[in-house]
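S.K.: Dropping the structure in here first, questions after.
The values are calculated or read from the model by the stated rules, or taken from the named source; none is laboratory data. Since the model is a prediction, treat every value here as computed from it, not as a measurement. Ideal geometry is used to build each Cβ from the backbone, glycine not excepted, and the neighbour counts take in all protein chains shown. Accessible surface is based on the protein model in full, side chains and every heavy atom, while ligands, DNA and RNA are left aside. Shrake-Rupley method; radii C 1.70, N 1.55, O 1.52, S 1.80 Å.
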Amino acid sequence: MPKRVMIVDDSRTLEYLIEQLLVDTDYQIVSYCKNGEEAIALYDMIQPDVVTMDIIMPGLDGLEAARAILEQHPSARIVMVSSLAYDDTIEEAKEIGAKAFVCKPFGQDTLLEALEKALS
């Protein structure tokens, strides 16, 4: 049974990239959210196995959205995906409870490794 992935990112290009990277893998995209508010609203209904979460988005940013989801669902598995690969940003993501951090740009191996880390 495929693992269910929710993508949270305001970039359709990144959505397409992740779709392509997950073809013929054990992952299935079950939801695409363009901002943090939408992710929080849909998380209960979708109940994904793992979430990829961009940091910089209009409205609620990814760190705040991750914090809100994890407050309601402490077992949620969130992989932060961002071009903001600064030590303090990565540390804040870990403190919030993100399971992994992927720096843009990335390839299939990096993405799959992060998803597996989040699910282990």
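S.K.: Looking at the structure I just gave you, is Ile18 open to solvent by less than 60 Å² (accessible area, probe 1.4 Å), in contact with a Ser or Thr (Cβ under 7 Å, 6 or more places away or on another chain) and in contact (Cβ under 8 Å) with a residue 12 or more places away in the chain?
M.R.: Answer is yes for this residue.
Okay, residues lined up against (1) in contact with a strand residue (DSSP E or B) (Cβ under 7 Å, 6 or more places away or on another chain); (2) open to solvent by 70 Å² or more (accessible area, probe 1.4 Å); (3) hydroxyl-bearing (Ser, Thr, Tyr):
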site: Ile7; (1), (2), (3): yes, no, no
site: Arg12; (1), (2), (3): no, yes, no
site: Thr25; (1), (2), (3): no, no, yes
site: Lys34; (1), (2), (3): no, yes, no
site: Glu38; (1), (2), (3): no, no, no
site: Val50; (1), (2), (3): yes, no, no
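S.K.: Would you confirm whether or not the stretch 90-102 contains a residue that is open to solvent by 20 Å² or more (accessible area, probe 1.4 Å) and under 16 Å from Lys3 (Cβ atoms)?
M.R.: Yes, the stretch 90-102 contains a residue that is open to solvent by 20 Å² or more (accessible area, probe 1.4 Å) and under 16 Å from Lys3 (Cβ atoms).
S.K.: I need a count of the residues in the stretch 76-88 that are open to solvent by 20 Å² or more (accessible area, probe 1.4 Å) and either in a helix (DSSP H, G or I) or under 16 Å from Leu115 (Cβ atoms) (or both).
M.R.: Step one: filter the stretch 76-88 for residues open to solvent by 20 Å² or more (accessible area, probe 1.4 Å), giving 77, 83-88.
Those still in the list that are either in a helix (DSSP H, G or I) or under 16 Å from Leu115 (Cβ atoms) (or both) too: 77, 87-88.
Looking only at that region, the number is 3.
S.K.: When only residues in the stretch 103-113 that are assigned to a helix (DSSP H, G or I) and among the hydrophobic types (A, V, I, L, M, F, W, C) count, which is most open to solvent (accessible area, probe 1.4 Å)? Spell out the reasoning first.
M.R.: First pass over the stretch 103-113, keeping only residues assigned to a helix (DSSP H, G or I): 108-113.
So of that shortlist, the ones also among the hydrophobic types (A, V, I, L, M, F, W, C) come out as 111-112.
Values: Leu111: 1, Leu112: 43 Å².
In this case the residue turns out to be Leu112.
S.K.: Going through Gln20, Gln28 one at a time, which residue ends up being more than 17 Å from Val102 (Cα to Cα) and polar (S, T, N, Q)?
M.R.: Values: Gln20 fails: more than 17 Å from Val102 (Cα to Cα).
Within the list Gln20, Gln28, the selection yields Gln28.
S.K.: A further question on this structure: Tell me whether the stretch 20-37 contains one or more residues that are over 20 Å from Gln108 (Cα atoms) and either hydroxyl-bearing (Ser, Thr, Tyr) or over 13 Å from the mean Cα position of the chain (by Cα) (or both). So that I can check it myself, show each step before the final result.
M.R.: First pass over the stretch 20-37, keeping only residues over 20 Å from Gln108 (Cα atoms): 33-37.
So of that shortlist, the ones also either hydroxyl-bearing (Ser, Thr, Tyr) or over 13 Å from the mean Cα position of the chain (by Cα) (or both) come out as 37.
Taking every residue of the stretch 20-37 in turn, at least one turns out to be over 20 Å from Gln108 (Cα atoms) and either hydroxyl-bearing (Ser, Thr, Tyr) or over 13 Å from the mean Cα position of the chain (by Cα) (or both).
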